[in-house]
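A.B. asks: Take a look at this one; I'll ask things after.
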């Protein structure tokens, strides 16, 4: 349980072994964290009767990470709960988006 919950039922999922961020965690461990997060999310939804749920995971100071041990937040959400995740949106042309996608494709090795 998060000691400073956004809403009742706010849970943290973290591996026992230390990894500072998503950039350090092995893919197999990241998969295990997500599988556990899904199980807990289902239990949170049923237990706290939340119509919505937010998964949140931050990396690096600029990514607003405050605890430098990889962890994922499971945050139950209710209408008008005052919580949120809003960021500024930037306008991009379809050409810019295509160029960004092309740059990323060169780095990805997805099966």
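Coordinate-derived values only; no laboratory data. Every value quoted in this text rests on a predicted model; they were computed, and no experiment measured them. Using ideal geometry, Cβ is built from the backbone for each residue, glycine included, and neighbour counts are taken over all protein chains shown.
A.B. asks: Counting only residues that are touching a residue at least 60 places away in the same chain (Cβ under 8 Å), in contact with a helix residue (DSSP H, G or I) (Cβ under 6 Å, 6 or more places away or on another chain) and closer than 12 Å to residue 71 by Cα, how many does the stretch 1-54 have?
C.D. replies: Here the count works out to 2.
A.B. asks: Test each condition in (1) in contact with a strand residue (DSSP E or B) (Cβ under 6 Å, 6 or more places away or on another chain); (2) assigned to a helix (DSSP H, G or I) for residue 43 and report the one that comes out false.
C.D. replies: So the condition that residue 43 fails would be (1).
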